[in-house]
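The values are calculated or read from the model by the stated rules, or taken from the named source; none is laboratory data. Predicted model only: the values in this text are computed from it and were never measured. Reconstructed Cβ throughout: ideal geometry from the backbone, glycine too, with neighbour counts over all protein chains shown.
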Amino acid sequence: MEYYLPTIGFFAYAVETLGVIVILGGVFHALRIVMRHRRALSQADLFTEFRREFARIMLVGLEFLVAGDIIRTVVVSHTLTDISSLGLLVLIRTVLVFTMHLELHGHWPWQRGAEQVD
């Protein structure tokens with residue numbers, strides 16, 4: 001048990017670090033796609049494409065961040081402050097996911113057959 005908690009804590013921080021790397025890499029990925037299509041698309045379409053690509057990658061990065069926080073909170077620390085901050089983080093992430101889904105698809109997740117807002 002002596003090595004278990006530090007190992008899991010390190011793993012949780014590694015997962016969170018991976019989430020940050022994914023988000024930062026997403027910025028460069030979205031920029032690369034925009035630069036590749038800069039002559040074929042209008043400026044408004046380029047901006048929309050950048051936002052869509054970055055939103056897709058940011059969702060994945062947020063998943064890693066939340067996963068690392070869950071691992072650390074559940075396994076390593078059990079204080080009320082940590083658990084409440086985890087709950088707040090999950091709530092904020094849920095709101096972000098719903099708004100990003102609206103941005104990407106033009107409708108809420110529960111409106112499967114809705115028309116695109118664009």
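Pairing residues of the range 99-112 that are closer than 12 Å to R51 by Cα with residues that are modelled with pLDDT of 80 or more and not hydrophobic (A, V, I, L, M, F, W, C), at Cβ distances under 6 Å and at least 6 apart in sequence or on separate chains, gives L104/R52.
Looking at R38, R52, just one residue is of a type outside the set (A, V, I, L, M), without any contact (Cβ under 8 Å) to a residue 40 or more places away in the chain and touching a helix residue (DSSP H, G or I) at 6+ places or on another chain (Cβ under 8 Å), and that residue is R38. If you go through the range 19-47 and pick out every residue that is in a helix (DSSP H, G or I) and surrounded by fewer than 15 Cβ atoms within 10 Å (Cβ to Cβ), you end up with 14.
Annotation note: Cβ proximity below 7 Å between a residue of the range 58-78 that is closer than 12 Å to G9 by Cβ and a residue that is outside any loop (DSSP other than H, G, I, E, B) and hydroxyl-bearing (S, T, Y) (sequence gap 6+ or interchain) occurs for G68/Y13. Applying the condition of being β-branched (V, I, T) and touching a Leu at 6+ places or on another chain (Cβ under 8 Å) to the range 70-99 and asking which residue is surrounded by the most Cβ atoms within 10 Å (Cβ to Cβ) yields T73.
Yes/no per residue for (1) acidic (D, E); (2) touching a residue at least 40 places away in the same chain (Cβ under 8 Å); (3) more than 20 Å from V95 (Cα to Cα):
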position: E2; (1), (2), (3): yes, no, yes
position: V15; (1), (2), (3): no, yes, yes
position: G25; (1), (2), (3): no, no, yes
position: I33; (1), (2), (3): no, no, yes
position: D45; (1), (2), (3): yes, no, yes
